[in-house]
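The values are calculated or read from the model by the stated rules, or taken from the named source; none is laboratory data. A quick note: this is a predicted structure, and the numbers were derived from the prediction, not measured. Methodologically, a virtual Cβ is constructed for each residue, glycine included, from the backbone with ideal geometry; neighbour enumeration extends over all protein chains shown. When the accessible area is computed, the model is the full protein with side chains, heavy atoms only, and any ligands, DNA or RNA have been set aside. Shrake-Rupley method; radii C 1.70, N 1.55, O 1.52, S 1.80 Å.
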Amino acid sequence: MRTKVTLVLLFLNVALFYFIFQFVIWHDAAPHTRKVLPRQVAALDRIEICPANIATPLALEKRGDNWFLGAPYDWPADKNAVERLINELLLLENETSFEVAKLADTGQKLADYGLDPAAIVLHLTAGDTRFDLRIGAATQVQNRLYVLDPAGTRIHVVGRSLVEALMLGPDQFRSTALVDIPVFEARSLAVQLPAPGNLRVRLARSPQTQRWSFESPIQTRADKNAVELALSNLHALSVASFLDTPPAAGITGLDNPAFRLTVEGTQRRAILLLGSPVPTEAKPGVGRAETELYAKLEDRSALFTVKVPDSLLDSLRKAQTELRDRHVLDFESGRLTAISLTAPGQPEVTLQRLESGTWQVLARQSTEVAQPQAADPAVVARLIDQLGQLRAITFQSDAPFPADLEQWGFNRAEREIVLSLAAEPPAQPVSVSLQLGVTTTDSGQPLTYARVADTQFVYQVRAAILDELPVVARHYRLRTLRDLPPGARISGISL
């Protein structure tokens, strides 16, 4: 009997628990969301904003991993502005809501809430799914708005932050960058000027050494700091204004642009065309360090103006010289093993680095070789520094004729310095020969020119460099006769 009672009580307990779970707990725990939009909003790939008072909608399109303006003009979108709008849509929750079907019971209609027609209509697309969100009037509490859900069945009361994100115009949604390739990513820079010069300059960065060099019209070293400053200034350029109405033909100068600038990065590139200056009235007493130019990106139809610093324009216009490395010699001081100096009518002076790291000096008198003597490390260090810092005042010629070389004094060089460099495996030891020639102007002022043997470039350098490269062995000798050992004391002097 007790067993039957126990089983009945157990059955009743199970039934009671099932009732509580099914009709109390489950219903209370049933998902109840305040979200206005469906979960597909997380995968949006197109947003079209259609205000009632604007004929042309603003469209945002996702292409690959990036967002673009599809209307009113094709342009990369500002990542932060788009993410802010998407976050607003993802987090859009109602304060309260009520059914559209019950409006008739109170004698109201959608127009009373500004929803027929709506102040703003959002057309949202996620893959094959499209849904609309209608935004209406403000509530009596001004920080709230009425919106109609995509199904058109409920009116929701939401915060105003969504409208604040939507009130951004095309200029606020567009990306401000023109050349969106940062300096660290840039692999090459090309500058093309118009006819008649039609100069084309191309620079590239070595992936191994990260050093910049000219590839055309000459092959030589480039100034890393100058090139990267130019790239940084290009990266900082932004649109001053878009031209909704294109100017008359020939006004922009973009048919034959003043500059065609190409920056290549990692699997992408940007080509910026700069045309004629925008006519502006100069303000009395106000100086300007920039010029506003008509411009466009080669792969986009939108025309705009951009303010370019005059210093950047000058650097690009003279890229062949302004971006060029002015150092005459390029060597690593740690690899130096010997330095030889010669001058007309004087014995050759040679400085040699010993395995200990110290230097010695010797002079060759005809066929006799003097005994090596210790060299002054400070004097040798200054010599190496003077050679390493020797810079071109002007690039005299990139393709001199033999007559030019003779005129500039290279038929009998005033100085010839040969640098011997240790090998870097698996390469062989190398030597670099620097020649300095001297000529004078009509007024008798000396001019000094430099060239590196086996190259065609001739530089004008400061004339004082000759005084700092004397071909005299005693100039480089160590002047200390003897170093006292550590701890030694002088106990007496005998003369």
Notebook entry, point to check: Which length gain, in nm to one decimal place, applies between residue 167 and residue 112 when the Cα-Cα distance is subtracted from 0.36 nm times their residue separation?
Noted result: 17.6 nm
Check: Cα gyration tensor of the stretch 321-403, axes a ≥ b ≥ c as square roots of the eigenvalues: rounded (a/c below 1.5), prolate (a/b > b/c) or oblate?
Finding: oblate
Next item on the list: Return the FRET efficiency for the residue pair residue 443, residue 198: r is the Cβ-Cβ distance, R0 is 30 Å, and the value is rounded to the nearest 0.05.
Entry: 0.20
Check: Rounded to the nearest 10 Å², what accessible area does residue 459 show when all protein chains are kept and the probe is 1.4 Å?
Finding: 10
Notebook entry, point to check: Under 5 Å between amide H atoms, partner at least 5 residues away or on a different chain: which partners does residue 376 have, H built in plane at 1.01 Å?
Noted result: 477, 478
Notebook entry, point to check: Roughly how many debye, to the nearest 20, is the charge dipole of the stretch 340-466 about its Cα centre, given +1 on each Lys and Arg Cβ, -1 on each Asp and Glu Cβ, and no other charges?
Noted result: 220
Margin query: Suppose accessible area is computed on protein heavy atoms with a 1.4 Å probe; arrange 242, 401, 173 from highest to lowest.
Written below: 401, 242, 173
Check: To the nearest 0.05, how large is the calculated FRET efficiency for residue 333 and residue 45 if R₀ is 56 Å and r is the Cβ-Cβ distance?
Finding: 0.45
Notebook entry, point to check: How do 416, 185 rank by accessible surface area computed with a 1.4 Å probe, from largest to smallest?
Noted result: 416, 185
Next item on the list: Please list 301, 97, 333 in order of solvent-accessible area, largest first, computed with a 1.4 Å probe with all protein chains present.
Entry: 301, 333, 97
Item checked: FRET efficiency, 1/(1 + (r/R0)^6) with R0 60 Å, evaluated for residue 249 and residue 104 via beta carbons -> 0.50
Check: For residue 280 and residue 97 in the same chain, what is the full-extension length gain: residue separation times 0.36 nm, less their Cα-Cα distance, in nm?
Finding: 60.4 nm
Notebook entry, point to check: Once fully extended, how much extra length lies between residue 423 and residue 210, figured as 0.36 nm per residue of separation less the alpha-carbon to alpha-carbon distance?
Noted result: 74.6 nm
Next item on the list: Can you tell me the relative contact order of the chain? Whole percent, Cα pairs under 8 Å, sequence separation 6 or more.
Entry: 9
Notebook entry, point to check: P(r) for the chain: what percent of alpha-carbon pairs falls in each 10 Å bin, starting at zero?
Noted result: 3, 13, 15, 14, 13, 11, 9, 8, 6, 4, 3, 1, 0, 0
Checklist line | Only Lys, Arg (+1) and Asp, Glu (-1) charged, at Cβ; the stretch 388-429 dipole about Cα centre in debye | finding: 140
Next item on the list: Compute the separation of the alpha-carbon centres of the stretch 163-225 and the stretch 422-479 and state it in Å as a whole number.
Entry: 35
Note to self: Quick check: pseudo-label points 7 Å beyond the Cα along Cα→Cβ at residue 71 and residue 378, how many nm apart are they?
What the structure shows: 7.8
Margin query: Please list, in order along the stretch 203-212, the HN-Hα scalar couplings obtained from phi with the Karplus expression 6.51 cos²θ - 1.76 cosθ + 1.60 (θ = phi - 60°), rounded to whole Hz, x for Gly and Pro.
Written below: 10, 9, 9, 6, x, 7, 9, 6, 9, 8
Checklist line | Cβ-placed point charges (K, R +1; D, E -1), dipole of the chain about Cα centre in debye, nearest 20 | finding: 1120
Checklist line | Count of Lys pairs (Cα-Cα under 18 Å; at least 8 positions apart or interchain) in the chain | finding: 4
